[in-house]
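Okay, structure first, notes after.
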Amino acid sequence: MVAMDPILADLNDSQIAAVLHGSGPLMVLAGAGSGKTRVITRRIARLLRDGVPSRQILALTFTNKAAGEMARRVQELGGSRVQVSTFHSSCARFLREHGHLLGFPRDFSIYDTYDRDSCIKLLMNEAQLDHSRVRPAQVGRRISQLKNLGYSPKDVVLGMGEIDEAVDRLFATYEETMLRLGAMDFDDLLGKFLEVLRSFPEVAESYQDRFRWLLVDEFQDTNRIQYEVCKRLLGDQGNICVVGDPDQSIYRFRGAEIRNILDFEFDFPDLVTVRLETNYRSTALILRAAIEVIRHNSERKEKDLRTNNPEGEPIVLHRAHGPSAEARRIATVIQELLDEGGDICEIALFYRSHFLSRGLEESLREFAIPYQVVGGLSFFERREIKDLVAYLRVIVNPADDVSMERVINVPPRGIGKKTMEKIRGMARQSGQPIYAAIAREDIRAQLSPRARKALTSLAEAFAEAKKLVKSAHQAMSYLAQEVGYLDYIGDLGDPEDVARRENVSELHNDAATFDRDIGEGLAGYLQHVSLITAADRKGEDIGRVSLMTVHAAKGLEFDHVFLTGLEEGIFPNSRVMLEGDVEEERRLMHVAMTRARKRLWMSHSRTRMIAGVLTRQEPSGFISEIPEDCLLRTSSMDPEGDGQAGQVWDEDHEVDYSQESQELEEGMRVKHRNFGRGTVMRLRGEGFKAKATIRFDKGGEKILILQYGDVQPITEEESW
């Protein structure tokens, strides 16, 4: 009997085809739950076994957690260590080598969103821009959007709003300031590396010689810059494997470009496409429902997704009188699951927007059900952690004025606003960063005795700590003790004193572990910390129900999923609908549904408080796209939510069809109170399932349920 190749063991035919594909471009269309990570790791292991040197393989993904999992699996299959990392981590590493070509130091600082906005706030102060009218975070987000689209200050054409006016004044100054500070934000890690590849062909060729095989996970989430980086790294070699699913492209707001995967074949005419169409995650019924929803999209690549899993239970669709009743019913069902022996870690509540979590949290607390809100304040976003990281950044990059300003008076050293303005002015006059300025006795001599003494001590502490940069833990321990930070955070006189000490202790542990396992010193540790993303922290806690937005749920799976707030204007989101992008909202719905392994429980409310007004809510249009035989409709329609919980819902008894809705015809001109005028393109369904596809003159194409759509024919008089 011939032993089964361990690399191909337990793979289906499509997975095997992807793993064994030779040279040339390969696109793996991987439906939800179809084993895409297994395919990528087995393909890498096969390349290594066939003699490809590990140094010639570069695999890119979107979270450190996913990268670590892929690398671990490759090594378990007997493969050697290959470079598997996020786009940002790889570009940061490459820029350590070649960022000097753009004028950046090797140990440049990496700014997160908070640091970026702090820098912009300083620039707004200097430009005398009013924070009450335009917030630094708004300017920062707009600059980020422009960078993700590949724009620089010199080629941006902006609108006339207050935010764009502020961006117009600050974008170029922000770029110049970041260069002076020796810092890059997250968007720069991609954009600046692409600039290196474009401006220095010899550097691009060196990377093409180094990496002969390129693999990209979650390709549907790449933006324009990331795709361009991939093509520049690839050159003329063509050995690229992209894995993704257009049906799960949900990050347009971050710059993700679905056309990257939809049009990939046009950039690579000799492309081989493999479809992974076996779902190993969900029950057959959940999968069928999710497929029927996504089939209403036109921007996709058709897949015949199927599963060998059992049919499973119907999807419960619960209608509540209001959000409180909805939340109480969800808590009741969760308690029943737990009473039946269900695993609390396998229960998740999803919602389209963060504000919906409040009522859910209240009900879970009422039932004493432990929970965690995924995507809340993370460990590395806590004040005490950011303070210490800022101290360490100054040691590694003395030009980092933003970090220096954060810590120069923490703990308090008598550096008030006027003193800080004086220090800034003297630093500018001397042409030096603040760090170098306070290290000079002649500059410190111009300050008050208290400030002079404090800054002398601080400068000496920095100088000594710089001698310890080969060890992240030693540098951190010395500096935290020497500047009095440990005493400061433990004596603030509030209940968080103990928690802050524990957090700092955990940061020390993390640095010590990094020194032991990685050993790249303080600069390496700071890069490691800066590139930890929110997605890497999902699901770390145990023993709790998980609450999260659907965006945060991407890449996760649970036995029991509760999908809440399925109402028009909420899911799908009204803002996105007005922008004419219903297809992205539908992809988000598809992602939410396919996170569930065994049970999917969906709910919506008949009324909800919107902007302080009690509003009658209509069910999400996506509900009507689910086959009726997949649903078990229940309701709790009494205002208090405890009278009819679980009662089967007979929809037909409540439908009030409008005469106008029943008289629509394809090609007819119609009007809608929100979307304006349009033309009926298609009519489908009957009764409460009747819906129309309407192409609006100023809003694109939308599918509306006629029962709730407020669609009326335009009379002959109105058409003039």
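Net charge near Asp209: determine it from the other residues with C-beta under 15 Å of the C-beta of Asp209, scoring Lys and Arg +1 and Asp and Glu -1.
On the way: positive: Arg55, Arg210, Arg212, Arg232; negative: Glu97, Glu202, Glu205, Asp236.
Summing Lys and Arg as +1 and Asp and Glu as -1 gives 0.
Using 0.36 nm times the number of residues separating Ser199 and Glu441, minus their current alpha carbon distance, what extension gain do you get?
Full extension from Ser199 to Glu441 adds 82.9 nm.
Once you have all Cα-Cα distances for segment 299-402, histogram them in 5 Å bins from zero and send the whole-percent values.
Per 5 Å bin, starting at 0, the Cα pair percentages come out as 2, 8, 13, 14, 12, 10, 10, 10, 7, 6, 5, 2, 0.
Would you mind computing, in nm to one decimal, how far apart the modelled labels at Ser353 and Lys466 are, each placed 7 Å from Cα along Cα→Cβ?
Distance between the two pseudo-spin positions: 5.0 nm.
Calculate, for segment 1-112, the solvent-accessible area per residue in square angstrom, rolling a 1.4 angstrom probe over the heavy atoms of the protein chains.
On the way: 4590 Å² over 112 residues.
On a per-residue basis, 41 Å².
Could you give the size of the charge dipole of segment 455-521 about its Cα centre, using +1 on the Cβ of each K and R and -1 on the Cβ of each D and E, expressed in debye and rounded to the nearest 20?
Values: 6 positive and 14 negative charges, 74 e Å.
Roughly 360 debye for segment 455-521.
For His296, what accessible surface area do you get with a 1.4 Å probe? Give it in Å², rounded to 10.
Roll a 1.4 Å probe over it and His296 shows about 50 Å².
So, with a 1.4 angstrom probe, what is the percent of accessible area on the chain that is carbon and sulfur?
Details: 15620 of 32260 Å².
C and S fraction of accessible area: 48 percent.
With a/c under 1.5 counting as rounded, go ahead and sort segment 2-79 into rounded, prolate or oblate using the C-alpha gyration tensor (a ≥ b ≥ c being the square roots of the eigenvalues; past the cut-off, prolate if a/b is larger than b/c, else oblate).
Working: a/c = 1.28, a/b = 1.07, b/c = 1.20.
Cα axes put segment 2-79 in the rounded bin.
How charged is the neighbourhood of Gly425? Take every other residue with its Cβ under 15 Å from the Cβ of Gly425, and add Lys/Arg as +1 and Asp/Glu as -1.
Working: positive: Lys417, Lys418, Lys422, Arg424, Arg428, Arg440, Arg444; negative: Glu126, Asp401, Glu405, Glu421, Asp442.
Local charge sum for Gly425: +2.
Test of the criteria: in segment 350-394, which GluC sites (Glu not before Pro) are in a DSSP loop and have at most 15 other Cβ atoms within 10 angstrom of their Cβ?
Details: sites: Glu361, Glu362, Glu366, Glu381, Glu384; in loops: none.
Counting only loop positions with at most 15 other Cβ atoms within 10 Å, none of the GluC sites (Glu not before Pro) in segment 350-394 qualifies.
Need one number: nm distance between label points at Gln712 and Phe379, each 7 Å from Cα along Cα→Cβ, rounded to one decimal.
Taking the simple label geometry, Gln712 and Phe379 are separated by 5.9 nm.
Using Cα atoms only, what is the angle between the long axis of helix 136-148 and the major principal axis of the chain, expressed in degrees (0 to 90) to the nearest 10?
With rounding to tens, the tilt is 80 degrees.
Considering the Cα positions of segment 185-231, please state its Rg to one decimal place and its Dmax as a whole number of Å.
Using the Cα atoms of segment 185-231, the pair Rg, Dmax is 11.2, 30 Å.
Can you give the % of DSSP beta bridges in the chain that are antiparallel, to the nearest 5?
Values: 28 of 80 bridges.
In the chain, DSSP labels about 35 percent of beta bridges as antiparallel.
Per residue, how much accessible area does segment 163-318 have with a 1.4 Å probe, in Å²?
Working: 6210 Å² over 156 residues.
Normalised by residue count, the accessible surface of segment 163-318 is 40 Å².
How many angstrom lie between the Cα centre of segment 590-612 and the Cα centre of segment 34-52?
Each part reduced to its Cα centre gives a spacing of 37 Å.
On a 1.4 Å probe surface of the protein chains, which of Asp339, Asp581 comes out largest in accessible area, and what is the full order? Working shown, then result.
Values: Asp339 115, Asp581 30 Å².
Of Asp339, Asp581, the descending order of accessible area is Asp339, Asp581.
Multiplying the sequence separation of Ser54 and Glu162 by 0.36 nm and subtracting their Cα-Cα distance, what value in nm do you get? Could the numbers behind the result be given before it?
Values: separation 108, 0.36 × 108 = 38.88 nm, distance 5.10 nm.
Extra length from Ser54 to Glu162 when fully extended: 33.8 nm.
Kindly state, to the nearest 0.05, the FRET efficiency for Val272 paired with Asp13, given R0 = 22 Å and r defined as their beta-carbon distance. Walk me through the intermediate numbers first.
Values: r = 15 Å, r/R0 = 0.66.
Efficiency for this residue pair is about 0.90.
Tell me the accessible surface of Arg49 in square angstrom (1.4 angstrom probe, heavy atoms of protein chains only), to the nearest ten.
That residue has around 130 Å² of solvent-accessible surface.
Is there a quick way to get the dipole size of segment 244-392? I mean about its Cα centre, with the Cβ of Lys and Arg at +1 and of Asp and Glu at -1; what is the value in debye to the nearest 20? Before the final figure, lay out each step's value.
On the way: 20 positive and 26 negative charges, 94 e Å.
In debye, rounded to 20, segment 244-392 gives about 460.
Over segment 356-444, what is the relative contact order in percent, taking alpha-carbon pairs closer than 8 angstrom and at least six residues apart? Please report the intermediate quantities before stating the final value.
Numbers: 50 pairs, mean separation 16.9, N = 89.
Relative contact order for segment 356-444 comes out at 19 percent.
Find which of Leu588, Ser118, Ser448 sits farthest along the positive direction of the dipole of the chain, computed with +1 on the beta-carbon of Lys and Arg, -1 on that of Asp and Glu, about the Cα centre.
Ser448
Which one, Ala331, Ile408, Gly341, projects farthest toward the positive side of the charge dipole computed for segment 305-417 from Cβ point charges (K/R +1, D/E -1)?
Checking the options against the dipole of segment 305-417, the answer is Ile408.
With only alpha-carbon atoms counted, please give the Rg and Dmax of segment 64-166, in Å.
19.0, 60
For segment 360-517, which semi-axes, largest first and in whole Å, follow from the square roots of 5 times the eigenvalues of its Cα gyration tensor?
Values: eigenvalues 233, 73, 40 Å².
One finds semi-axes of 34, 19, 14 Å for segment 360-517.
Kirkwood hydrodynamic radius of the chain from all distinct Cα pairs, in Å? If you can, show how the numbers build up before the last one.
Values: mean 1/r = 0.0351 Å⁻¹.
Taking every pair of different Cα atoms in the chain, averaging 1/r and inverting gives 28.5 Å.
Report the semi-axes of the equivalent ellipsoid for segment 306-359 in whole Å, largest first, where each axis is √(5λ) for an eigenvalue λ of the Cα gyration tensor. Present the calculation step by step, with values, prior to reporting the outcome.
Working: eigenvalues 107, 48, 33 Å².
Values for segment 306-359, descending: 23, 15, 13 Å.
Report the full-extension gain for the segment His100 to Ser80: residue separation times 0.36 nm, less the Cα-Cα distance, to one decimal in nm.
Numbers: separation 20, 0.36 × 20 = 7.20 nm, distance 3.11 nm.
Taking His100 through Ser80 to full extension adds about 4.1 nm, to one decimal.
Given Cβ point charges of +1 (Lys, Arg) and -1 (Asp, Glu) and nothing else, what value in debye, to the nearest 20, does the dipole of segment 395-474 about its Cα centre take? Before the final figure, lay out each step's value.
On the way: 15 positive and 8 negative charges, 44 e Å.
For segment 395-474, the charge dipole is close to 220 debye.
If Tyr114, Tyr478, Tyr351 are ordered by their accessible area, calculated over protein heavy atoms with a 1.4 Å probe, which sequence runs from highest to lowest?
Working: Tyr114 120, Tyr478 65, Tyr351 0 Å².
Heavy-atom accessible area, descending, gives Tyr114, Tyr478, Tyr351.
Mean separation of Cα pairs under 8 Å and 6+ residues apart, divided by the residue count of the chain: what relative contact order is that in percent? Walk me through the intermediate numbers first.
Numbers: 1205 pairs, mean separation 110.0, N = 720.
Taking the mean separation of contacting Cα pairs over the length of the chain, I get 15 percent.
Which net charge results for the neighbourhood of Leu179, defined as the other residues with beta-carbon distances under 11 angstrom from its beta-carbon, given Lys and Arg at +1 and Asp and Glu at -1?
Working: positive: Arg180, Lys192; negative: Glu175, Glu176, Asp188.
Within the 11 Å Cβ shell, the charges total -1.
Report the percentage of all Cα-Cα pairs in segment 1-147 whose separation exceeds 19 Å, rounded to a whole percent. Intermediate values should be presented prior to the final figure.
Values: 7171 of 10731 pairs.
Every Cα pair in segment 1-147 considered, those over 19 Å come to 67 percent.
Considering only protein heavy atoms, with the full assembly of protein chains and a 1.4 angstrom probe, order Phe355, Phe268, Phe94, Phe200 by accessible area, largest first. Working shown, then result.
On the way: Phe355 120, Phe268 25, Phe94 5, Phe200 50 Å².
Output order, biggest surface exposure first: Phe355, Phe200, Phe268, Phe94.
The values are calculated or read from the model by the stated rules, or taken from the named source; none is laboratory data. Since the model is a prediction, treat every value here as computed from it, not as a measurement. Ideal geometry is used to build each Cβ from the backbone, glycine not excepted, and the neighbour counts take in all protein chains shown. Heads up: the accessible areas ignore ligands, DNA and RNA and are worked out on the full protein's heavy atoms, side chains in. Shrake-Rupley method; radii C 1.70, N 1.55, O 1.52, S 1.80 Å.
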